[in-house]
1. From LEU250, LEU237, which residue is of a type in the set (A, V, I, L, M, F, W, C) and touching a strand residue (DSSP E or B) at 6+ places or on another chain (Cβ under 6 Å)?
2. Looking at (1) surrounded by fewer than 15 Cβ atoms within 10 Å (Cβ to Cβ); (2) at pLDDT 85 or above, can you tell me which one ARG432 breaks?
3. Can you report the number of residues in region 231-242 which are within 51 Å of the chain's Cα centre (by Cα) and not aromatic (Phe, Trp, Tyr)?
4. Count, please, the residues in region 797-806 that happen to be open to solvent by 10 Å² or more (accessible area, probe 1.4 Å) and not in a helix (DSSP H, G or I).
5. Return the residues of region 570-585 that are touching a residue at least 60 places away in the same chain (Cβ under 8 Å) and surrounded by 14 or more Cβ atoms within 10 Å (Cβ to Cβ); say none if nothing qualifies.
6. Kindly indicate whether ALA192 is of a type in the set (A, V, I, L, M), closer than 22 Å to LEU264 by Cβ, in a helix (DSSP H, G or I) and at pLDDT 80 or above.
7. So which residues in region 312-339 are under 15 Å from THR92 (Cα atoms) and crowded, with 23+ Cβ neighbours inside 10 Å?
8. Only one of LEU426, LEU397, LEU446, LEU401 is in contact with a Gly (Cβ under 6 Å, 6 or more places away or on another chain), more than 25 Å from ASN534 (Cα to Cα), open to solvent by less than 40 Å² (accessible area, probe 1.4 Å) and hydrophobic (A, V, I, L, M, F, W, C). Can you tell me which?
Amino acid sequence: MELCGAVAPTLPLSVMISRTLGPEVGGSIGLMFYLANVCGCAVSLLGLVEAVLDVFGADATGSSGLRVLPQGYGWSLLYGSLLLGLVGGVCTLGAGLYARASFLTFLLVSGSLASVLVSFVAVGPRVIQLTPRPGPNGSSLPPQVGHFTGFNSSTLKANLGAGYAKDYTTGAMMTFASVFAVLFNGCTGIMAGANMSGELKDPSRAIPLGTIVAVAYTFFIYILLFFLSSFTCDRTLLQEDYGFFRAISLWPPLVLIGIYATSLSASMSSLIGASRILHALAQDNLFGMILAPAKVVSRGGNPWGAVLYSWGLVQLVLLVGKLNTLAAVVTVFYLVAYAAVDLSCLSLEWASAPNFRPTFSLFSWHTCLLGVASCLLMMFLISPGAAGGSLLLMGLLSALLTARGGPSSWGYVSQALLFHQVRKYLLRLDVRKEHVKFWRPQLLLLVGNPRGALPLLRLANQLKKGGLYVLGHVTLGDLDCLPSDPVQPQYGAWLSLVDRAQVKAFVDLTLSPSVRQGAQHLLRISGLGGMKPNTLVLGFYDDAAPQDHFLTDPAFSESADGTQEGGSPALSTLFPPPRAPGSPRALSPQDYVATVADALKMNKNVVLARACGALPPERLSRGSGGTSQPHHVDVWPLNLLRPRDGPGYVDVCGLFLLQMATILGMVPAWHSARLRIFLCLGPREAPGAAEGRLRALLSQLRIRAEVQEVVWGDGAGSGEPEEEEEGDFVNGRRGDAEAEALACSANALVRAQQGRGRGGGPGGPESGDGGEGPTTALTFLYLPRPPADPARYPRYLALLETLSRDLGPTLLIHGVTPVTCTDL
């Protein structure tokens, strides 16, 4: 294939798969392909030993047997080891000697094949005495005879049926799958060129051309031999004499020479292919020090270390000794590798990668899918145990490589597939079909310096409930005055932050002259299609000195040389230290409140988070926090800066607070939290009535919570509060002193209820016993809208500071979108 119009890389087949599917999957498949070549070499050598002993063995019973070589398991192992030494010597000396030896064996095999084809026509009918087979008790069966009939239609008709016999090595009855497994080993050499692509002058042309020619040539020769054999030889001769070509040949020794040359060529091809695969895997350092010896090469570039490594493994496989049993395992391994080749092409085609431009004009994803399905089907038909074991081994190897971590510069087809699928489904995610029943928070968290915002970053991750989560950052500057964009180089650090903090967030950075304008940019353009932020999250603007959480968080630990575990640069070197107390800020109080007002104008919900650094680490972890001290999550769904006669818990903002608190309770770390809702009563409202209505609403919404009534509305300085318009205090229609007193009173009310059990009854903070009980871990407060007059923004921020002072971790929330629905 061609990538980006360039020549295909000169890499073994397994490494090409790794470069396509990624190191985790490709590396495991590459090792499986390596094992297939190792076992294939052993199968060829065992076949060669069997062919030699059939003529020269001491137990040979044929008329042409020379009977000079002793036989037995140990002797067969010795002969196989000697032949392996010969093959290993050729491969160790380099690909040049192997190529010359392969060409010589090709000439010998071609001559032998030509003599066999001529013999089918030139030799007349004859009766062939067959070698007696051993019986069940060690005795020999009666001698049989086979017939070479010449071209005879009766012979062809008699051979058309299956008629499977027993395997002479195992005694098991042969089937289509077992015959396929043995025959398939004769076709595996077609991938030898791909394995040696590093030795080829023009691999992008030689590999596809050579592979297609090899497939066509092999198919033609096998079909021709099948046809001629079934037309001229009876079934007895075909089943009982595996060397019947010698009996019908014009010159039998030439057949032996062809058999020996074929076996030697196949074993050399498998061994040198295995060594190249192993050397490539070692060079990629996928398996660490285990494959370190395979990196050794000679001055000419021959990986003799990998050859010796493979030679030792083949020697171990020779201990099995049973040819057909080993052949089935080899076939399964090869089928796994071939399925991976088809899967690689199928993945690239389905990913619609523009740089995937195969030169083979008949390529189609249909043929790839058929190839994958056929390989998997035949694997389980041949040997379900070997197939399942090979897939299990591949899975374990893939898990090992995933745990170790592989090179990230190769490119992963999984990323291309994900991009293609995500784009397709994003187009189908129609914002016009959104419904409140399926609402979820989609957060945009604006972060100035993550070193001081790490707890908030993790708390927002818990609040997202499977929704979109975007980390936004504004870099101050003007692109017209800069030589290049300063934002792009920062993405790597922010993505590393997401990985180390273990949050599921996207990163969106922008360049702007002011933070307010940058926030407007992010609110408008963050997200894509139906996945756009609907909630803005900000840290609270106060005078508290920022803390450096990188120094105390174990996930951001670093060594003395300024690197993290694994050798990557520490994030503390990629982000500036926190702002020193008293130093100027990038955002003024005026712009901070203006940013909140901008978000509400854009119909975005707003969350202001204060004192999140006081949350214990177990509350921000990904695990369960059920073993910690019992605690409460308090929700105040009424605007405490706008008291009025009657509860305000059922407005859109109040329901938004309830929804966000309920979502937080779904997180494992907050499962043990008890949700408390404080229902504020006016001085003229009877206790119990409003609580009943709220409990009915909670029942409909399936929210489990403890409801407590507190009297509120007479603490602003008047015994009979008047009806107030929206935002009386924050807009300055009441005096600053009166507004400050109201905020202080509301703050005292909330603090009085924190840390109390059921003691905070209708009487407010004065009632109850004040005993020890579960503490409040997090408080949800109603965030009033900013005043219409920008001149009142600093005063508005001061009221919020007074309202939330000393409350511990607090979220001030203003919701503008409906989030609950009681209809089915």
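The values are calculated or read from the model by the stated rules, or taken from the named source; none is laboratory data. As the structure is a computational prediction, the values presented were derived from the model and not from experiment. All Cβ positions, even for glycine, are placed from backbone atoms using ideal geometry, and neighbour counts span all protein chains on display. For the accessible areas, the whole protein counts, side chains as well, though only heavy atoms, and no ligand, DNA or RNA atoms are used. Shrake-Rupley method; radii C 1.70, N 1.55, O 1.52, S 1.80 Å.
1. Unique residue meeting the criteria: LEU237.
2. It is condition (2) that ARG432 fails.
3. 2
4. Counting residues in region 797-806 that are open to solvent by 10 Å² or more (accessible area, probe 1.4 Å) and not in a helix (DSSP H, G or I) gives 2.
5. LEU571, SER572, LEU574, PHE575, PRO578, ARG579
6. So ALA192 does not fit the description; no.
7. Listed by number, the list holds a single entry, VAL314.
8. It is LEU401.
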